[in-house]
């Protein structure tokens with residue numbers, strides 16, 4: 001893999017005219033009934049909890065659900081973001097399913113973001129980078145694959161980021177650094193005012209732009225292989241961050257179930273309609289629970305509901321772009 005990640009991502013969003021990403025955050029208790037029944041999920045409950053001794057069956061059910069989501073959305077969107085946290089409770093079996101889902105998504109033509117939010121110092125962060133984007137690409141016969149990009153946490157400073165940056169540069173992969181997140185209490189840290197009357201988010205954005213624009217990281221598209229996670233929960237700050245990080249593609253969480261609107265996420269795009277990737281998870285992958293979609297898609301199965309929700313996501317974002 002040698003093609004620059006920022007260029008590949010920009011090309012993929014333009015090709016499908018869809019600057020969107022479907023997030024996969026699968027809760028076992030919400031997987032479609034057809035999948036649950038196929039893996040006899042209800043039979044392995046232990047009271048109100050899942051019997052983790054059956055973690056192989058649970059992991060396989062999550063994987064089957066994920067493959068069904070991929071089949072539904074691959075013709076519509078360019079990227080899927082897979083959250084490793086929802087696989088880790090199933091131990092080794094869950095990690096296997098995570099890497100198998102990455103392979104399946106890439107084989108379907110999707111770019112894959114591994115939502116891992118890792119960071120540490122010294123040898124620890126080197127190992128994290130090696131595990132998630134820096135390692136040798138597995139043999140396709142094994143059914144595993146490395147993601148195209150990952151999310152990382154900048155709280156330790158550049159020491160924690162460097163191994164991921166080097167792996168991304170050398171292997172044609174990418175990373176998205178947390179700058180302004182979508183959770184309500186994020187302002188307790190990210191909104192702290194500094195002596196220059198800007199927020200901590202502004203300070204981190206300045207650091208990220210400096211890291212992202214370093215030699216060898218910016219592609220022909222003008223975008224770096226290092227992007228930023230920016231939620232528009234504070235619209236004015238989001239506009240500032242967009243101006244401060246011209247070489248960064250924004251991964252934009254919070255759309256859909258978390259309440260961010262299309263007009264709000266539009267602040268994360270440049271005037272030419274590039275530079276951002278809007279992510280929605282629950283509103284798409286659980287669309288079969290929504291009566292809005294059940295009426296039109298119910299007879300065609302749960303995947304049709306997911307596909308229709310993905311189409312609606314694309315349409316919503318297209319309406320606010322100027323391209």
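The values are calculated or read from the model by the stated rules, or taken from the named source; none is laboratory data. Treat the numbers as computed from the prediction; the structure is a model and nothing was measured. Cβ placement follows ideal geometry from the backbone for every residue including glycine, while neighbour counts extend to all protein chains displayed.
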Exercise for the section: Take residue 46 and decide whether it is at pLDDT 95 or above and surrounded by fewer than 19 Cβ atoms within 10 Å (Cβ to Cβ). Expected result: no
Completion exercise
Across (1) outside any strand (DSSP E or B); (2) out of contact with any helix residue (DSSP H, G or I) (no Cβ under 7 Å at 6 or more places or on another chain); (3) touching a residue at least 40 places away in the same chain (Cβ under 8 Å), residue 246 clears everything bar (3)
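For residues that are touching a residue at least 40 places away in the same chain (Cβ under 8 Å) and closer than 14 Å to residue 150 by Cβ, tally how many sit in segment 119-139. Steps first, please.
Initially, segment 119-139 is screened for residues touching a residue at least 40 places away in the same chain (Cβ under 8 Å), giving 119-120, 133, 137.
From what's left, closer than 14 Å to residue 150 by Cβ: 119-120, 133.
Residues that pass the stated criteria total 3.
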Exercise for the section: Look at segment 246-276 and say how many of its residues are at pLDDT 90 or above and in contact with a strand residue (DSSP E or B) (Cβ under 6 Å, 6 or more places away or on another chain). Expected result: 10
Exercise for the section: Would you mind stating whether residue 283 is within 24 Å of residue 111 (Cβ to Cβ) and either touching a helix residue (DSSP H, G or I) at 6+ places or on another chain (Cβ under 7 Å) or at pLDDT below 90 (or both)? Expected result: yes
